[in-house]
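Everything below concerns the one structure shown next.
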Amino acid sequence: MESRGTVGRVDRKILVVEDLKTHFKLPAGMVKAVDGVSFDLKQGQTLGVVGESGSGKTVLSRTIMRLTLGNNVHTSGRVSFEDRDILSLSNKEMQKIWGLEMAMVFQDPMTSLNPVVKIGRQVTEHVRKHLNVSKSEAKATALQLLKGVRIPEAEARFNAYPHQLSGGMRQRVSIAIALACGPKILFADEPTTALDVTVQHQILNLLNLQQQERHMAMILVTHDLGVVAGRTNDIAVMYAGKIVEKAPTWMLFSRVQHPYTEALLRSIPRTNQKNHTRLSAIAGRPPDLINPPQGCKFSPRCPYAQDKCREEEPTLQAAQSDEHQFACWYPVGTPENKEAFEKNLAAQLPQTLAFAEGKVVDESVIDNAVALSGGGS
Amino acid sequence: MGKMIGQRVVRLIATLLAVTFLTFLLTALLPGDPVNAILPPDAPRDQATVDRIRAEFNLDDPLLVRYGSWLANAVTGDLGKSYITDQQVTEAIKQRIPITFELTALAAFFALLLAVPVGILGAYREGRFADKSSSAMVQVGLSVPPFIVGIFLIWLFTVKTSFLGLPSTGWNRITTDGLWENLRTAVLPAFALSLAPLAYFSRLLRSDMVGTLKEDFVLSARAKGLKNRYILGRHALRPSSLSLVTIVGIQLGILLSGTVVIEQIFALPGLGSRLLNAIYQRDIVMIQGITVFIATMYVLINTAVDFIYLAIDPRIRKR
Ligand SMILES: Nc1ncnc2c1ncn2[C@@H]1O[C@H](COP(=O)(O)OP(=O)(O)OP(=O)(O)O)[C@@H](O)[C@H]1O
Ligand code: SF4
Ligand SMILES: [Mg+2]
């Protein structure tokens, strides 16, 4: 079975992340925002990073990009970008990589564009710096880019200020800025969360189109599994600073292993329902990252949690395929899992009751997601 | 935008009316016979003069009518005449104001010239040594009154050493002595005046800039690989300088009326020393005229500040 975008092409690894940890030192203790994350990404491939708010997605992507997070940060592990050890580079060296080889699209285009600088300058300033081109050449490039991201009347917008554009238009500008120097990898940190539902799809499609046209690697961060369904090669599900399940997208949707992923799947907004309500929210709150629960960090919320879960933390292990990894003692779909569920139901464990009350996973959601991700049958 | 300019102009006119009316009351509300108040103690007090004053100030008319005719004269540049020196008030202002303007402008210029880098540095190195030490120095500048600084400078530059050959007192005019000679007399008093505004400016810019540097657009500028210096100057300075512009305006007003002491110490023939003189002599007409002038300048500066806002922040233009 072929993954999307790799047909007839052997791509090398552009990014290797090994045992990456980002901890913040606070008076109350260490916040383990990212706690031992490993993955790699090939050229032209897209990785979706999914997890609830606070799971460490933003910290992860900013750590990989080496953007400062404050002076109370402790980072360890390895980030290798095109065989360069990113974490050991100086800021000066990073300045030659930022914007040129690595770029980022931020969550909120209302705040990520400078309100007092004209669009034109914001699209051209780093082009002029990195590619050493003249003002008029940079402008020509910028206009082409603005047209490329479907901004009507690009010429006029060039001299506009951000507040004169709608949210969707601003995010298109941000994408144009990120793409301007032809980066090898693009980080998109919840690029559509701040936008209207109708605009969200347009922006995501635009990102996908550009990613494929440029054969660029992309990390798409989102809290919504529905967003990544048809748009990524692989998915990493994050919980409390760790990857708890990782697989090619179609495989993840069709063979869910981790109870947290299952819960996220149940919370994909139903598109056939007008108000986009979630099927069921996940019971309980994300854990305290300073004093996380013992054992599996999902155990206080997991409908299948057993004593073993509360004592011993599971590590990533392979499922049927090596490409599919998960960290759970009682993976979804196994007899052990079923047994654990019934046991908890009998013991009237609150999260298990809540889970049972929530409607059973809507098969159509999964079928739809699997179909979108181009795998399955 | 047009509507906004309209509003500002209406507000300007209203403020000017209020300011001039209040200053006008200065002569109108003094106790006793207004003639006595208007006429300085040392001025000749014959019947002819008294009659002239009664007629000139329309003292038999109601207050508002008097204000009206006074205002009508004032807008044509006639602020009355000193009863001691017989000098027209506008004449005195014209003679003295260049010195005061120059001191004010130079002091504000020194203050800004130092405050912008100090403020930016403090914000950029927030909480580090450069921030703390510059804050401490600025704090000292704020807590020493300008006249102490002035006296210290005179002592340092003329009594102790004759560094740069700076004269301690007196004033050279650009027109007669040339720019260089003029600046030599202006630099010390202007510097003494600039310390307090320097402290205000740099503290304000620093704190606004600390906020700006936490904005997403600064992070996105970093993520574009732009140099720190460029980000600070091109992306962070402008959005951080709105309150700075306000306070520059206010400080210009304060400086304009606050040169009195410094002019005295450095023996500069500016508007402030003329005002002080008029106060000693109870030269009410002169006091009133100069006060109206300074107050008007103050209001005009603040209106100018409003318009500078428009230039700095395009978002305001929209409203
Ligand atoms: N500078 C910091 N100091 C201390 N804690 C921090 C800092 N930055 C982030 N954190 C903590 O790290 C954790 C992960 O934050 P992060 O922003 O990466 O989450 P996220 O997955 O991106 O969530 P969201 O979906 O809300 O964007 C949070 O608990 C957050 O409070
Ligand atoms: S290890 Fe246990 S608690 Fe953790 S997810 Fe798996 S079943 Fe739930
Ligand atoms: Mg985030």
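Assorted remarks:
- For B:Thr100, the test of being assigned to a helix (DSSP H, G or I) and open to solvent by 20 Å² or more (accessible area, probe 1.4 Å) is failed.
- From the options A:Gly99, A:Gly44, residue that is facing chain B (nearest Cβ under 10 Å) and touching a His at 6+ places or on another chain (Cβ under 8 Å): A:Gly99
- Checking B:Val187, B:Val245, B:Val210, B:Val261 one by one, the residue that is more than 14 Å from every other protein chain (Cβ to nearest Cβ), touching a residue at least 60 places away in the same chain (Cβ under 8 Å), closer than 30 Å to B:Asp131 by Cβ and surrounded by fewer than 20 Cβ atoms within 10 Å (Cβ to Cβ) is B:Val187 and no other.
- Taken over the range A:90-114, the residue count meeting the criterion of being touching a Phe, Trp or Tyr at 6+ places or on another chain (Cβ under 9 Å) and open to solvent by 20 Å² or more (accessible area, probe 1.4 Å) is 2.
- When the test is whether a residue is at pLDDT 95 or above, surrounded by fewer than 23 Cβ atoms within 10 Å (Cβ to Cβ), within 16 Å of ligand 3 (Cβ to nearest atom) and not hydroxyl-bearing (Ser, Thr, Tyr), A:Arg62 passes it.
- Test result for A:Phe81, touching a strand residue (DSSP E or B) at 6+ places or on another chain (Cβ under 8 Å), more than 8 Å from chain B (Cβ to nearest Cβ), open to solvent by less than 40 Å² (accessible area, probe 1.4 Å) and not basic (Lys, Arg): yes
- Any hit, the range A:123-139, residues being facing chain B (nearest Cβ under 9 Å) and either more than 22 Å from A:Met218 (Cβ to Cβ) or open to solvent by 80 Å² or more (accessible area, probe 1.4 Å) (or both): yes
- Helices (runs of 4 or more DSSP H) contained entirely in the range A:44-135, each with at least 2 residues that are within 12 Å of ligand 1 (Cβ to nearest atom) and among the basic types (Lys, Arg): A:57-64
- Residue in the range B:221-237 that is touching a Pro at 6+ places or on another chain (Cβ under 8 Å), part of a helix (DSSP H, G or I) and either under 24 Å from A:Gln107 (Cα atoms) or in the same structural domain as B:Ile294 (by TED's automatic domain parsing) (or both) present: no
- Qualifying residues in the range A:149-189 (those that are within 11 Å of another protein chain (Cβ to nearest Cβ) and hydroxyl-bearing (Ser, Thr, Tyr)) - the one most open to solvent (accessible area, probe 1.4 Å): A:Tyr161
- Put simply, of B:Gly233, B:Gly289 the only residue that is buried (at least 20 other Cβ atoms within 10 Å of the Cβ) and either closer than 28 Å to B:Val116 by Cα or away from chain A (no Cβ under 14 Å) (or both) is B:Gly289.
- Here A:Thr192 fulfils each of the conditions (1) buried (at least 16 other Cβ atoms within 10 Å of the Cβ); (2) hydroxyl-bearing (Ser, Thr, Tyr); (3) within 14 Å of another protein chain (Cβ to nearest Cβ) apart from (3).
- Counting only helices (runs of 4 or more DSSP H) that sit wholly inside the range B:256-319, those with at least 3 residues that are at pLDDT 80 or above and not hydrophobic (A, V, I, L, M, F, W, C) are B:271-280, B:284-312.
- Looking only at residues in the range A:279-333 that are among the hydroxyl-bearing types (Ser, Thr, Tyr) and surrounded by fewer than 21 Cβ atoms within 10 Å (Cβ to Cβ), the one that is farthest from A:Lys32 (Cα to Cα) is A:Ser321.
The values are calculated or read from the model by the stated rules, or taken from the named source; none is laboratory data. Predicted model only: the values in this text are computed from it and were never measured. Neighbour counts run over all protein chains shown; Cβ positions are idealised from the backbone, glycine included. Keep in mind that these areas ignore ligands, DNA and RNA; they rest on the heavy atoms of the full protein, side chains included. Shrake-Rupley method; radii C 1.70, N 1.55, O 1.52, S 1.80 Å.
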